[in-house]
Amino acid sequence: MSGARRDRVAANLHHSLTALLQSGMNDPRLGFITVTGVELSKDLGHAEVFVSILGDDEARTRSMEGLASAAGYLRRELAHSLNLRRTPDLRFHLDLSGDQGQRINRLLQDAGLGSGRGETGATSSEPCDPDPDCQGES
């Protein structure tokens with residue numbers, strides 16, 4: 001199976017799953033879910049769907065249970081919208097990369113290193129000194 005075709009199918013699955021989760025789900029267990037990625041097996045038979053869920057650990061657990069329960073429904077809806085010979089089985093995985101990024105930013109801020117977005121201690125109203133890293137206006 002061509003890698004380019006697999007990438008196109010994964011992108012279509014990503015888009016369609018996002019639309020289904022935003023509009024077509026009535027399960028009260030499902031919270032605010034964002035599809036962060038889709039990886040397909042070489043034979044397109046299985047899709048690993050990575051999701052980010054807003055909320056605490058309990059809300060994430062409930063949402064993951066809801067997604068596992070709704071996998072058959074989502075697969076059937078995808079079969080209607082995608083023109084594939086066989087719709088892949090869906091396996092949902094919690095993506096914690098966003099949480100890890102926020103944790104790293106908090107640790108950097110606590111250490112006094114800022115978030116890396118131009119925070120150098122100088123404000124725009126302060127005059128610049130000869131330091132080349134100064135962000136203020138002269």
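Values in this text are rule-based calculations from the coordinates and carry no lab data. Only a predicted model underlies this, so the values are computations on that prediction, with no experimental measurement involved. All Cβ positions, even for glycine, are placed from backbone atoms using ideal geometry, and neighbour counts span all protein chains on display.
Cβ-to-Cβ counts within 10 Å put I53, I104 in ascending order as I104, I53, the fewest first. Normalising the average separation of contacting C-alpha pairs (under 8 angstrom, six or more residues apart) by the number of residues puts the relative contact order of segment 3-105 at 28 percent. For segment 34-75, the list of GluC sites (Glu not before Pro) that fall in a loop by DSSP and count at most 14 other C-beta atoms within 10 angstrom is empty.
Looking at segment 1-107, which chymotrypsin sites (Phe, Trp or Tyr not before Pro) are DSSP coil and have at most 16 other C-beta atoms within 10 Å of their C-beta? Write out the running numbers ahead of the final one.
Working: sites: F32, F50, Y73, F92; in loops: F32.
Sparse-neighbourhood loop chymotrypsin sites (Phe, Trp or Tyr not before Pro): F32.
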